[in-house]
Amino acid sequence: MPDHARKQVRQAAVSDLTGLVTTGANVFNARVKPIDEHRLPCLNVFLLDENSDWDAAGTILRTGDLVIEGRAFAGDTLFDVLDGIAAEVETAIYAETPALDRLLCNIGTPRTQMEIADTSQGADRRIGIIRILFPVQYRTRQGDPTAIV
């Protein structure tokens, strides 16, 4: 069976974000298992809080938050590293990228959240987390949530 539209959008974002200077190939698609420390810095891509409604074309207009979560080790320059990740992610998301552009109707302006968390080693080994939430819209065919139109 074909993939749900949400998964297709996440996969397109992973494709467009893989190879950035800071995070390289460490880009994950909705990973829920803990991320090994040797894979930091990294990105994790989610599509959350989707709403949908009928649109004028008889298709379903879906609106959700494309969440790009960046993680890096905490240190004296943590917020500089997180801001660097944000700059690279925003540049890639708003670029004329073939993967996301082919699927989305609209990408809105981002909201950003930052936090510092303990790792499995406790407070001696902390990481910083940045979440960049992009409101996105895409359309699917009525009765077929796998068909993005």
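The values are calculated or read from the model by the stated rules, or taken from the named source; none is laboratory data. Here the structure is a predicted model, which means the values were calculated and not measured. Using ideal geometry, Cβ is built from the backbone for each residue, glycine included, and neighbour counts are taken over all protein chains shown. Just the protein is used for accessible areas: all its heavy atoms, side chains included, with ligands, DNA and RNA removed. Shrake-Rupley method; radii C 1.70, N 1.55, O 1.52, S 1.80 Å.
Numbers below:
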| item | result |
| --- | --- |
| 0 to 90° range, to nearest 10: angle between helix 78-94 axis and the chain longest Cα axis | 20 degrees |
| Rg over Rh, two decimals, the chain (C-alpha only, Kirkwood Rh) | 1.02 |
| Choice from 139, 125, 39 with maximal GNM fluctuation in the chain (Cα, 10 Å cutoff) | 125 |
| The chain: most fluctuating residue of 45, 32, 21 per GNM, C-alpha cutoff 10 Å | 32 |
| Rounded FRET efficiency, nearest 0.05, which uses the C-beta distance separating residue 30 from residue 53 and R0 of 30 Å | 0.80 |
| Per residue accessible area of the chain, 1.4 Å probe, in Å² | 53 Å² |
| 5 angstrom amide H check on residue 149, placed H, neighbours 5+ away | 139, 140, 141 |
| Sites matching GluC sites (Glu not before Pro) across the range 69-139 that sit in DSSP coil, with at most 16 neighbouring C-beta atoms within 10 Å | 96 |
| Carbon and sulfur %, accessible surface of the chain computed with the full protein complex present, 1.4 Å | 49 percent |
| Cα-centre dipole for the chain with unit charges at Cβ (Lys and Arg positive, Asp and Glu negative), debye to 20 | 440 debye |
| Antiparallel %, DSSP beta bridges [both residues in the range 12-149], to 5 | 95 percent |
